[in-house]
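Working notes, beginning with the structure itself.
Here, each number is a calculation from the coordinates, and none is a lab measurement. The shown structure was predicted, so the numbers you read here are calculated from the model rather than taken from an experiment. Glycine also receives a Cβ, built like all others from the backbone with ideal geometry; neighbour counts cover every protein chain displayed.
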Amino acid sequence: MATIDKFVLCSTLLFCIADLLVLISISRPRWLLSVNQEKYRSNESHLGETSIGLIEMCIMTSPANPNNQKCFISHQFRLVWSISFGLALAAFALLSVTIVLLVTSQYTQTPIAQYGRLAGFIAMIFLCLSSILFPMGFDSELIGGSPFQLPSDYRIGSSYILFVGATWLTTKMAIDLTKSRRKLPSAMIDRSSYSILSVLKQAIGNDLTRFSIPVIWSEPLSFLQRLSEGLEYSSLLDQAASANTSIERFHYITAFIVSNLSTHLERTSKPFNPLLGETFELKKENDSPFHFIAEQVSHHPPVSALYARGSNWILTANIEPRVKFHGTTVVATSEGRWVLHIKRRSEISRSSSQSSFYSCSGENSEQDEQTDNQDNRYDEYTWQSPTAVIHNILFGYLWCEFQGEINLQHIQTNQRAILTIQSLSWFATQATREAEMFKFIGYIYDGDDKLAAFHGNYGHCYYAIDALKDVDSITKSCCSIGGNNCIHFNSNPSLVPPCNLILTPSSRLIWYRCLPSMTDEELAARSQYYYFTPFTMCLNESISSLSSLPPTDCRYRQDVRFLEQSDLDAASSEKHRLEQQQRAEARSREGDYQPLWFKQNDNKEYIYTRKYEQRNFEHCPNLFFQESPLS
């Protein structure tokens, strides 16, 4: 049985109330009331009261029984009232359609909720127009007796009040349905009564990517969606493209790499393993626009290929994660490299008047593929991800750190940046932990010559050091970034303090981690929602254009949806079904799997073909459906 999303349930209930209010208001002619003042002063207060509605008028005829009234449709009925009635009736029908579609969307894998949102939005427009048009029917300059002349002793009737209430309620819900969600449908399940030891004791020294981890230890995201989180601070790449010097460009690119590390520190849950052929597409079209596409191109070994394109840059990667359990820690490494193609400064102004940063026509895919990977208008930078270590798997507070170096190389020159992460000692005291946790320092080189330096805290901030002589100098100034920027582990903010990086005289802030527009209540509840940021909250949200995505997109995964709703049994059952389905397909497959949107080059790296942008998804397999997703 499907688990109904709490937000959808609440929205449906409020739409039902609005629909009922509309029905009551258009069925009762009590929009405006005109009271006979002489009768009102006597005991016969209701006698002579005139009720004006959308289609008829009523006059009280009996002082003894206010319900006795004579109703009629005036021969001088205004056209705007007819239009108002038609709009109100259409809005009632659209609200009914909205309710049906929202409820049905919870029991089918067909993406029909978007049509419910559209119907609700149109109903909102119709109700607003009806509310405005009805009073416009009283604009006649005629004097006396005309039913469309606003009486001097009028008052607002209950039906009009109900109609305005329905309009407000519909407007609010239509707007809420178009907003990006601020939290998941349900808080995560308490894990205190679950033990992971029974699973991990079989995996000591082995690759955890080959083990089926219970859903309780997962977060409601696919690994492909987790990869897209690295673009939360994609504006740094836009700033790198417009940087005036090569050193400044290095600073922004290195800061982007550091920002990618910051997204993982509080996140000790495991994302869902992608199925072979699974995809994820993400478009950001406001500030710092980009188009992200990822595909699971291999299952054994697991390899994820990604392609992201911004206004003046292209980011690609082949990620082969390897996760091993070593008794008390989990160590995650990543084979493969990240490649950033970024336009040379001389080319940015020349191309600013050209087409958008991504094209859906697919007409020049072959030429674009060559441009992306071989065009000399681009500078090329490469690096590899550092090792991630999660501590205290069995006992104590879980916490994550990165270890090793990051070597960022500029392929066309001999320049590079080397970032060294300062690892904590096993015997570090609490004071040492607070002083050294997440710290890094690095240099930008041209050959063996140091050109510039930088330092920071990869959980919080990145500072350029403008003067090399200041590297070993310290001041009394500290990084003042704190508050919302504080890293929390296991709801224990005291474990890791806000950034307390000691600055040098020439330290200059390039980047800092932020949680934009989160309320105090949302910040306090982050531990209940897997420590997702506002950016992450939106990754698995059902978007209005879901039907335009291929059936291989992560958003169709019902096991992830069930975990979002804290339905552990349904999530486990669906995850098991998908795993069994994937094994059966592997046994019946003849030859090697051929990815749909990436192909291997001579270096055995998967390169994006740009065929995805033609948006021809008829040949895509139905990975997550027992039937066609649109049947």
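If you average the alpha carbon positions of region 218-248 and of region 587-614, how far apart do those two centres end up, in angstrom?
24
Separation between the N500 and Q528 pseudo-spin-labels, each 7 Å from Cα along Cα→Cβ, expressed in nm?
3.1
Report the full-extension gain for the segment L79 to H300: residue separation times 0.36 nm, less the Cα-Cα distance, to one decimal in nm.
72.6 nm
For C10, project a label point 7 Å along Cα to C-beta. Then give me every residue of region 546-567 with its amide nitrogen under 17 Å of that point.
Only 564-566 pass the distance filter.
Express in nm, to one decimal, how much length is gained between E320 and Q403 on full extension, taking 0.36 nm for each residue of separation and deducting their alpha carbon distance. Intermediate values should be presented prior to the final figure.
Working: separation 83, 0.36 × 83 = 29.88 nm, distance 1.78 nm.
Between E320 and Q403, full extension yields 28.1 nm more.
Spelling out what I want: for every residue of region 549-562, take phi, set θ = phi - 60°, compute 6.51 cos²θ - 1.76 cosθ + 1.60 (Karplus), and round to whole Hz; glycine and proline get x.
Karplus-based 3J(HN,Hα) across region 549-562 equals 8, x, x, 8, 5, 3, 5, 7, 6, 6, 5, 5, 4, 4 Hz.
Label I175 and S473 with points 7 Å out from Cα along Cα→Cβ: what is the distance between them in nm?
Computed distance between label sites I175 and S473 equals 5.3 nm.
E574: net charge of surrounding residues, Cβ under 9 Å, Lys/Arg +1, Asp/Glu -1, itself excluded?
Within the 9 Å Cβ shell, the charges total +3.
Tell me, in nm to one decimal, what length is gained between D569 and N603 on full extension, where the rule is 0.36 nm per residue of separation less the Cα-Cα distance? Mind dumping the intermediate values first?
Details: separation 34, 0.36 × 34 = 12.24 nm, distance 4.33 nm.
7.9 nm is the gain from fully extending D569 to N603.
What is the distance, in nm, between label points placed 7 Å from the Cα along the Cα-to-Cβ direction at Y194 and at E436?
3.4
Could you order peptides 234-240, 465-471, 413-419 by the average number of other Cβ atoms within 10 Å of their residues, highest first?
Packing proxy ranking, top to bottom: 234-240, 413-419, 465-471.
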